[in-house]
Structures are given as structure tokens and as C-alpha cells.
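Report on one structure; see the data block that follows.
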Amino acid sequence: MRLRLVAVPALIALLIGAAAAPADARPRAAKRIQAFDSCEHLVGYASRHVPVPAPRMAPDAPAAMPVPAEGGAGEDTSQTNVQEAGVDEPDTVKTDGRTIWTLAGGRLHAVDARAATPRLLSTLELEEGAGTTMLLRKDRALLLGNGPLGTRITEVDVGDPSAPEILRTEDVDGHVVDARMTGRSVRVVVSSYPYAALEPGVARDQPAGWLPARTVANRRTGHTQTRRVRCRAVRRPTQFSGPGVLTVYTVDLTRGLPAVDADAIFTSGDTVYASGANLYVATQRWNVDGANTSIHRFDISDPDRTTYAGSGAVPGSLLSQFSLSEHGGVLRAASTAGAGEGAESLVTTLAPADGRLVQRGQVGGLGRGERIYAVRFLGDVGYVVTFRQTDPLYTVDLSDPEQPRVRGELKIPGYSAYLHPVGDDLLLGVGQEATDDGRVQGLQLSLFDVRDLAHPTRLHKLQLGARFSSSAVEWDHHAFLWWPATSLAVLPIESEPFSGAAGFRVSRAGIEAVGRIAHEGSTRSVVVGDRLFTLSELGVKVSALDGFGERGRVAFPEPAEPPCCKPVPLPEPIP
């Protein structure tokens, strides 16, 4: 397996000149998405396009369509590893520099991170599916979860860590796609499926059959209120894109639930990315020519409102949120079009124009016969890793969005599934070592020097485990910790016989192992002061930051055993 590193600007130019994207891969200009001017028009549009569902013998409970920071912490405290500075992302662990909050075992735990001997302050029981990730701002935590009947958003008062209190819940039709927080505002993206498209008994001539509902419950007063998205806040593509409804709910954490605004589109949602001013939701579609991806832009510059601002499209499919990046008002998107030997990857630039996202430039031909494994856009440069048997890391120069060009390419064994900037024109890659014919050999770290985009190099590599070893960082960037003050990288490792967190000092001189901390299912690491906290479902281990010497442990209470059911009698044997 080979790794090719090509500068995004340079790669774009090279590919435009030598291997332009196929004609059918060039996205057409997206037409404006229109808003419904009345509930009558919304119901008519949905009824015309969605067939009446056939009766079911034993209908299931109406279900949602299944779909795939400002914490106030000091300078000596790490935060969630996010894509964009100032745009927080939901995760299982959050801290304000004094208390570490973590979701584990269906509970919210609070750990005192400043005491000489760290201790468990409280454990808050949660209902099923109420909290799988969370966001934290000052004395409020917003928990997000997908329960049996849809999305549950839970507002928790965490002002007193020893006695957290659930204030309100908001149950929403559909499943959470993702969420982002800028300042005091949280945007929760939910994908739902109209009941009228599932159940023949649901009235198709009423907005309630097509629009998602949300029910807010005040836990202190017991008062509940149900409302739906307003018909005029819903938009439709000019070409029908399915009966799914994508809704962006805006929550002001200074006021708490319910959401202060809701905007919707008749489509589904797969990938969420946000800059400080815009939220983008990507929707993948398949047709006879393969996949293409629609991208919807929402203006989030007003903390109290989310405003739909236009849509565009790119060929193929996206890998993850890192496939999208906004810089200087231009959106960059890395996608893979085609399959097998005919596959290729592209980088497309788009910008707002006349109420749409319009293509400004594109480069294709990256990794022919391969697909994207990792993407990172940093300023005017993009880094794209593709893989099948060889692993190219391309660098692309995007300083001119109209004429992006390829600058360099690095061919080495192995591939990176996650790329992280570690300062001084260095990129740290977390991925897999591999043979020349593409057989993976185990988890490895790679340090790339990208000062010269035309001649990127790999300075160092370190294999971390035998074949089949892995790290959650390969598919979840929140599991990665980079502490620049001491050039420390911490990541979870699963490799026989070790399971836990491992730390490495990373510099131009090399990758030096600092130590390992055994955990069962270690998932997150947090720095507070001169200590490293590593967290798992079972509890927290506290270590010295400089050498990982043990400083203490905090165990989480074991979950209560569920009540046992009476045994079901076996049927009598047939004579």
C-alpha cells in the first residue's frame, strides 16, 4: 500500500489540466429551494408526491426514519477536539475546568477535577435514550439522545455539580443527525419521516400528517406543550427528494427549552458541518448514474434564528464532516464519485450566488480506483487521503477557488484515517500500516512535514499494535486529544493484550511514547492543570501529565439490575 500526499491547491491544478472530472460528475447549477406559502400548498405537494402506504397487518408504533463551546474552561484545561475553533460539537465528555461531566451507563456523572483527590460529586439517572452526547455552556448542559420514539433533548441545570437537575425535555419526531453550538445558540439537526407516509390511517389532508411534532415538558411544573413546525418555515426542492423532513431547531441556552426557532426542508440529512456563520447539511442521493450529494446552507449568524440560505450539489458521496470546510466565504467539498476501477475523488469549491451554492472550481482524478479515507482542510490548503491498495495523501492549493491546483503527492505504505495539525507545518496521521498489496498490518502514527506543498514528506512513523489493532480516533475525532502546551497526543488503543489510552510526545524530532493507561473501553482524555483524566464506562483514572504516573481513581456506580421478568412457560410437547 502506498500513501500519496498532494497539496490540495496543486493537486487541483494538475488534475484540471491532466485529468478533468468526467462530464457527468460536474454538478449542475442548483435551483432555488422554495418555501411553502400556506399549509394548503404543503399538504398538496406532499400528497401528490408520496404514495398512500399499504395497510400493515400489525403496524409498529409510529417511528422516526432511521438515519445513519463555550464551557468557560481556563487555559490549563483541554476541550472537545472539534473541527472549527469556536464551534463546539456534542460529545460524551465536557468540562468547565472545575468539573468533568461524562455520560456513561445511561447516567450523567460529575467528577471534581480540581480537588487534590478527585472524587465523584453526583450521578444523575437518565431515561432510556435521553443522553448519548451533550453540549455544555456555563450552568446549562443540553443532552441529546435517540430514544425508542424519536429524539429527546434534555436541559439540565449543572450550576451545582453535586445536585444536577433536569429542568425540561423536548421530544421531537425523528432522529438526531448532529448538532453544533456557537456562543449561546445550539442548532440541533433532526431527520424525520412523516406519519402520513407510514400509516394509511393518518390523515393525508392535514399538516399534522406531514410535519414533525415536538413536545416540551417542564419537569418542575409538570406542564407539557406540543407544537409543530410552521408550514411557512418548510421548504421544498424543485425536484422531489423523498418524503423525509430535515429540521434545524435553534435552542438558546440562556433561556433553555423549548427551541426558539425551527426551519425545515422536504429532504433527509446525512452530514453536518458548521463554520461560525453558516451551518451546512449534506444529503446523499442515488440515481442511475451513481451518487451525488446535495448541500443545504443555513445562516446561523443571528443567535435567535436559523435561516435557509441556499443549496448546491457535488458529485459522489462524502466521507464525513471533514469533507466540508468553509474559508473566506467559500465552501470546499471533497467527495468520491463512481465505484471500483471507475472511482475517483474530487475537490469542489462552491460559493453563495443568487440564493444558491454555485460551483466555482473543481479538480478530479484523485485516487483513481480508490475512495477517500481522510480529509483535512486548513486555511488555503486541503489534504486528501485515498486508499485501496496504495494510500495517496494529496495536498491541494485552494488559494484561488476558481483555479485550484495540485501541488504535491506522497507515496508511502499505510494510510491515515484521521489528520490533525500539530503546529510548525506538521500533520499527525492516525491510521493503519499496510503492505504494498493493501493488507493492513496494524495501528500506526505518521508525522508529515507539509512546509513545502510540492514536496511533502513523512518524517516519522510508529506502529502501535499488531494486525487488527485499532483506535476509535480512526472513525471518531472526539476520541483524540492534542495538548499543544507539551506537544502531547493521547488516543485510545485496542490491541491484544492492551486496551486503554496511550500518550506520545510529537515534534519534528520524532514521536516519543510517554506512557499507557489501561482501561476497559477507554474513550476520552481530558487535561486539567497538571493532570490527565482518562474516562471509560466504568470510571476515571487520574495520571500525572508529565509521565502518566497514577494520581487516583474514581469509580462510577454500577447500573441497577433491571427487574426480572417472570419466566415464560414452555409449550407442551406435541405427542
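General remarks:
- Taking amide H as placed 1.01 Å from N in the peptide plane, the amide H of LEU167 sits under 5 Å from that of GLU155, VAL156, ASP157, each at least 5 places away or on another chain.
- Per-selection metrics, region 198-251 (Cα): Rg and Dmax in Å: 14.2, 46
- A simple spin-label model places the labels of HIS49 and THR486 5.5 nm from each other, with each point 7 Å out along Cα-to-Cβ.
- 3J(HN,Hα) from dihedral phi, region 313-319, Karplus parametrisation 6.51/-1.76/1.60, rounded to Hz, x for glycine, proline: 8, 10, x, x, 10, 9, 7
- Global form of region 424-542, assessed from the alpha-carbon gyration tensor, a/c cut-off 1.5: oblate
- In order along region 450-467, phi translates into HN-Hα couplings of 10, 4, 9, 4, 6, 9, x, 9, 9, 7, 8, 9, 9, 7, 9, x, 6, 3 Hz, rounded to whole numbers, per the Karplus curve 6.51 cos²θ - 1.76 cosθ + 1.60 with θ = phi - 60° and x for Gly and Pro.
- Normalising the average separation of contacting C-alpha pairs (under 8 angstrom, six or more residues apart) by the number of residues puts the relative contact order of region 291-420 at 17 percent.
- For region 116-184, GluC sites (Glu not before Pro) are listed when DSSP marks them as loop and at most 13 other Cβ atoms sit within 10 Å of their Cβ; the list is GLU127, GLU128.
- Value of D in µm² per second that Stokes-Einstein yields for the chain, Kirkwood Rh from Cα pairs, at 37 °C (0.692 mPa s): 131 µm²/s
- Global geometry of region 50-269, whether rounded, prolate or oblate, following the gyration tensor of its Cα atoms and the 1.5 cut on a/c: prolate
- Long-range amide H partners of LEU126 with built H, under 5 Å: LEU108
- Across region 81-97, computed HN-Hα scalar couplings (Karplus, 6.51 cos²θ - 1.76 cosθ + 1.60, θ = phi - 60°) run 6, 10, 6, 10, 4, x, 10, 7, 10, x, 8, 7, 10, 9, 8, 9, x Hz from first to last residue, x flagging Gly and Pro.
- For LEU410, the residues 5 or more places off, or on other chains, whose built amide H falls under 5 Å of its own are ARG4, LEU5, VAL6, LEU393.
- For region 50-269, the residue among GLY269, ALA208, SER78 whose Cα projects farthest onto the positive side of the dipole built from Cβ charges is ALA208.
Every read-out reported here was derived from the displayed coordinates using simple, explicitly stated rules and does not represent laboratory data. No experiment lies behind these values; they were computed from the predicted model shown. Neighbour counts run over all protein chains shown; Cβ positions are idealised from the backbone, glycine included.
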